[in-house]
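A.B. asks: Pasting a structure below so you can have a look.
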Amino acid sequence: MGGGLNAMTTVLVTGASGFVGRPLVAALARAGHRVVAASRRPPAASEGAIRAVPLPDLAGSVDWSALLTDVTDVVHLAAVAHRGAAVPDEIYERVNRRAVAGLAAAASVNGIRRLIFISSIGSQSGPVCQQVLTEGDEPRPTSVYGRTKLSAEADVRAAGVPYTIFRPVLTYGPQAPGNMARLLKLAESPFWLPFGAFTHRRSLLAVDNLIAAIAFALAEPKAAGETFIVADPEALTLPEILTELRGAMNRPPGLVAVPPALLSALLRVIGYGDLSERLGGPLVASPAKLLAAGWRPAFCTREGLAGMVGLRISRYPSERRAATG
């Protein structure tokens, strides 16, 4: 981090207790910046440069002015992610769009130096795409999550606040949620894995690389008013991902080539259909625009995957023992 962030900045981070929020808050504090860490269940006490505050229910009416007092910059992470049919579309609309529009308007009134909105590659594409995605492609979201993220992007641009919008792809790291967590459990299993015939490439994003992109946007004036795809530069196939994960565990790949169509049907039966589609199908997103602007990722994908396994083993050994039986 560092690299141009003013030492007097105070950064509001919403969703501070989440998968990305926790390491981001810690990185900002290590770099010498004050952080207002807003989350639904903040710790009882603040620590050093980190002031923990409650985040209002974003599905309701939110008064952002109190959170923005004495804040210079904002990183908005909080959102309703992919939760299936259990979450009504109206909740996505309230949390992922209306709350963001309200934040952007309040940030403009309060003279915020930079609002960094973490959108999603889902605002631009469905879970698979046959072409390499760039920011110039017409957005074609296929879910209510992606559609509300795309609408929120438009609200941010219209608010008059200096902004940077990021569209990250599937992000991985220790304690990663969702399909990445399920994939890691598969890699930790003692069984042969039937994914050897999957040849489509997928873009992934190390959480540390996303944090580096956020730091870049906070420090770099050229990032203002821009929308960037964020992805590790190298896209991998599902067998390559599993090989890297298992290699970091000092284990052989253990891959068997089962026809993808047959395997996908079987995975849907046992509740892993999303995993097959979201990791087995093609989705390559180019970070060329962000790289050209000056962003430098902290890790390549292979290093990041190996590091994720190493941290998981060292930090959560009991969880790994349970997963491996």
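A.B. asks: Between residue 262 and residue 63, with labels modelled 7 Å along Cα→Cβ, what's the label distance in nm to one decimal, could you check?
C.D. replies: Going from the residue 262 label point to the residue 63 one covers 6.4 nm.
A.B. asks: Which residues' amide hydrogens lie under 5 Å from the amide hydrogen of residue 126, considering only partners 5 or more residues apart or on another chain, with H built in the peptide plane?
C.D. replies: When sequence neighbours closer than 5 places are left aside, the close amide H contacts are 142.
A.B. asks: Between residue 191 and residue 41, what is the FRET efficiency for a Förster distance of 45 Å, r being their Cβ-Cβ separation, to the nearest 0.05?
C.D. replies: 0.75
A.B. asks: Okay, moving on. Starting from a Cα-only point model with no solvent, please compute log10 I(q)/I(0) by Debye for the chain at q = 0.08, 0.09 1/Å.
C.D. replies: -0.37, -0.47
A.B. asks: Any idea what the dipole of the chain comes to, in debye rounded to 20, about its Cα centre with Lys/Arg Cβ at +1 and Asp/Glu Cβ at -1?
C.D. replies: Computed charge dipole of the chain: roughly 560 debye.
A.B. asks: Right, here's the next one. In segment 120-178, how does Rg compare with the Kirkwood Rh, expressed as the Rg/Rh ratio over alpha carbon atoms?
C.D. replies: Radius of gyration relative to Kirkwood radius: 1.00.
A.B. asks: Would you work out which of 152, 197, 170 lies farthest towards the positive end of the dipole of segment 149-215, given +1 charges on the beta-carbon of Lys and Arg and -1 on that of Asp and Glu, about the Cα centre?
C.D. replies: 197
A.B. asks: Moving to a separate point now. Express in % the proportion of alpha carbon pairs of segment 150-307 at distances exceeding 29 Å.
C.D. replies: Pairs farther apart than 29 Å: 26 percent.
A.B. asks: To one decimal place, what Kirkwood hydrodynamic radius in Å is obtained for segment 208-270 from all pairs of distinct Cα atoms?
C.D. replies: 15.4 Å
A.B. asks: How many Å³ per residue does the convex hull of the Cα positions in segment 38-119 occupy?
C.D. replies: 106 Å³
A.B. asks: What does segment 16-84 give for Rg and for Dmax, in Å, if only its C-alpha atoms count?
C.D. replies: Computed over the Cα atoms of segment 16-84, radius of gyration and Dmax are 12.3, 39 Å.
A.B. asks: Turning to a different aspect of this structure: List the residues, sorted by chain then number, that are 5 or more residues from residue 285 or on another chain and whose placed amide H is less than 5 Å from its amide H.
C.D. replies: 133, 203
A.B. asks: Continuing with this model, one more query. If contacts are Cα pairs under 8 angstrom and at least 6 residues apart, what is the relative contact order of segment 24-119 in percent?
C.D. replies: Taking the mean separation of contacting Cα pairs over the length of segment 24-119, I get 26 percent.
A.B. asks: I would also like to ask the following. How high is the relative contact order of the chain? Use alpha-carbon pairs under 8 Å, at least six apart in sequence, and give a whole percent.
C.D. replies: Worked out over the chain, it gives 18 percent.
A.B. asks: If each residue of separation counts as 0.36 nm, what is the full-extension length gain between residue 270 and residue 222 once their alpha-carbon separation is subtracted?
C.D. replies: Once the chain is fully extended between residue 270 and residue 222, it gains 12.5 nm.
A.B. asks: I'd like the projected area of segment 56-168, averaged over all directions, using the convex hull of its alpha carbons. Report it in nm² with one decimal.
C.D. replies: With every direction weighted equally, the projected area is 7.1 nm².
A.B. asks: Determine the calculated [θ] at 222 nm for the chain from helices alone, applying -39500 (n - 2.57) to every DSSP H run no shorter than 4 residues and normalising by the residue count; nearest 500 deg cm²/dmol.
C.D. replies: -11500 deg cm²/dmol
A.B. asks: Further question on the same structure: Residue 164's amide H: which non-local residues (gap 5+, or another chain) put their own amide H closer than 5 Å, with H modeled 1.01 Å from N in plane and none for Pro or chain starts?
C.D. replies: Placed amide hydrogens put 115, 116, 117, 225 under 5 Å from residue 164.
A.B. asks: Please name whichever of 304, 56, 136 sits farthest to the positive end of the charge dipole of the chain, dipole taken about the Cα centre and charges placed at Cβ: Lys and Arg +1, Asp and Glu -1.
C.D. replies: With unit charges placed on the Cβ atoms, the residue in question is 304.
Values in this text are rule-based calculations from the coordinates and carry no lab data. Computed from a predicted model, the values in this text were never measured in an experiment. Note: ideal-geometry Cβ built from the backbone for every residue, glycine included; neighbour counts use all protein chains shown.
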